[in-house]
Structure formats: structure tokens, C-alpha cells
Amino acid sequence: MSEHATQSQRPKHQAISVKDLEEEGEIGADYLEEFLDIVDLGGDIDIDVDHGRASVAVIASEEGDERELADLVGRDGEVLEAIQELTRLAVQARTGNRSRLMLDINGYRAGRRAELTKIAEEAVTKVKATGEAVALEPMNPFERKVCHDVVAAAGLFSESEGTEPHRHVVVMLPDDVDDVDDIDSDVDTAADSAEEIDSAEAGAEAAAQTTQAEQA
């Protein structure tokens, strides 16, 4: 089927079923298996559904794989983000629907999530103690989303400010948000999720360059 052929697309606001998410994971896993073959790297692939998203993880299967897989994470997860976007595009090409699949390699995201949770919790504690807003370090959309979730769970407010690559989360008391024009955390996190999709073209290019380098 050509990429312009008509496919049945999911209505924009329709909830995604677990079955659909599992299908996304299977498609993503197939793509990643081919990708690992191309770059001649080993690894096992785990598929799951987590927080309403398909989740795929590439983990070391043999001694030495962990060190080699680290190259697919890159500095600050940049290569991982690129490969994730390629995988999402592969899923979308098969299903006709935009994918929000999350990819982890070598446990990078799991470890980073724990670090970010601690950072956000410390910011929450500081804001509650001082009443002053706290700005966190610049982060990518995935990292900001983790912080937004932690802040919301604590009953505080957060929003993202600035432009890439300096976009960051600001944590504040709910009382500081008294203007209807302020961006609430739900809208902001949705925007951050959209940024993940908008970065697909740049991510695909970066991942393609990485693949070519591995083959050279």
C-alpha cells in the first residue's frame, strides 16, 4: 500500500485500546529488530503497555551488549530520541495513526525517570518551604512530562517556559496562577507531548546518520 493510500484512521479523541497499543508495540519491535540487524548489535526486546502508551525496551542479552547499546542512547539520550521517532514513524506507516510509543534502551529512561522524579520532588519541597517559584534545568519533552506529573501529584502547578534547547519547567504554588491566560499544566504537558512528534523529522535524520556511521 502506498503512503498516500486511504487508511482507516482513529478519531482524534478516541481512546486507544490495549489491543491497539499491543499492536503498536509489536510493529515497533519488528522495526527495531531489523534496525539492530542493520547496525549489527545484539539485544532482547521487551514489549509492554505503560500509562496508555505502547512501551518497547531494548536490553542487553549477552555480556558486552550493554556497552554497545550505549551508543544507541547517545549523549543525554539524543540518539535514543531519534530512534524512538523513527520507530513511531514505522508504526504510523503501518497503522495510519500517530504513535506515542515510548522506547527505552539499556534502561536509560528508567534511570533518568528516577533522577527526574527526585529533582522535581526537591523543587516541590523548596517551593512549599519558600513560596517562591523554582525553575528547573532545560529538558527534553519526555523529561519535562515526568516533572509535570510529579508536580501535579504533589498538588502544585508547573509550566514550561523558553524555547528549545533551553525550554524548562517552572514549579510554583497554585496561588501564583491567578490569570486565566496562564498555561495550565495539562495544556502544557500536551504541548510537550506534541513536541515529541514535531521532532520526528530531525530525529529521523539524526538516527539515519547514526546508522550510516555504524555501517561505515
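Quick one: in region 96-111, which of the residues that are in a strand (DSSP E or B) and of a type outside the set (D, E, K, R) is farthest from residue 16 (Cα to Cα)?
105
Only one of these conditions is not met by residue 48: (1) in contact (Cβ under 8 Å) with a residue 40 or more places away in the chain; (2) under 19 Å from residue 146 (Cβ atoms). Which number is it?
(1)
Somewhere in region 22-31, is a residue modelled with pLDDT of 95 or more and in contact with a Phe, Trp or Tyr (Cβ under 7 Å, 6 or more places away or on another chain)?
no
Please count how many residues of region 93-113 are in contact with a strand residue (DSSP E or B) (Cβ under 8 Å, 6 or more places away or on another chain), open to solvent by less than 30 Å² (accessible area, probe 1.4 Å) and over 15 Å from residue 46 (Cβ atoms).
The total comes to 1.
Looking at 79, 146, 124, 151, which is the one that is assigned by the TED database to the domain that holds residue 36, in contact with a helix residue (DSSP H, G or I) (Cβ under 9 Å, 6 or more places away or on another chain) and assigned to a helix (DSSP H, G or I)?
Among 79, 146, 124, 151, only 79 is assigned by the TED database to the domain that holds residue 36, in contact with a helix residue (DSSP H, G or I) (Cβ under 9 Å, 6 or more places away or on another chain) and assigned to a helix (DSSP H, G or I).
Which of the residues belonging to region 32-58 are part of a helix (DSSP H, G or I) and surrounded by 14 or more Cβ atoms within 10 Å (Cβ to Cβ)?
Result: 32, 35, 36.
Checking residue 119 against (1) over 23 Å from residue 166 (Cβ atoms); (2) open to solvent by 20 Å² or more (accessible area, probe 1.4 Å); (3) of a type outside the set (Lys, Arg); (4) outside any loop (DSSP other than H, G, I, E, B): exactly one of these is not met. Which one?
It fails just one condition, (1).
Out of the residues in region 59-92 meeting the condition of being within 16 Å of residue 24 (Cβ to Cβ) and free of Cβ contacts under 8 Å to residues at least 60 places away in the same chain, tell me which one is most open to solvent (accessible area, probe 1.4 Å).
Only one residue fits best here, namely 92.
Report the residue count in region 134-143 for those that are modelled with pLDDT of 95 or more and either open to solvent by less than 60 Å² (accessible area, probe 1.4 Å) or assigned to a helix (DSSP H, G or I) (or both).
Residues in region 134-143 being modelled with pLDDT of 95 or more and either open to solvent by less than 60 Å² (accessible area, probe 1.4 Å) or assigned to a helix (DSSP H, G or I) (or both): 2 in total.
The values are calculated or read from the model by the stated rules, or taken from the named source; none is laboratory data. Bear in mind that the values here come from a model prediction, so they are computed numbers and not experimental data. Neighbour counts are summed over all protein chains in view; Cβ atoms, including those assigned to glycine, are modelled from backbone coordinates with ideal geometry. Side chains included, ligands, DNA and RNA excluded: accessible areas come from the protein's heavy atoms. Shrake-Rupley method; radii C 1.70, N 1.55, O 1.52, S 1.80 Å.
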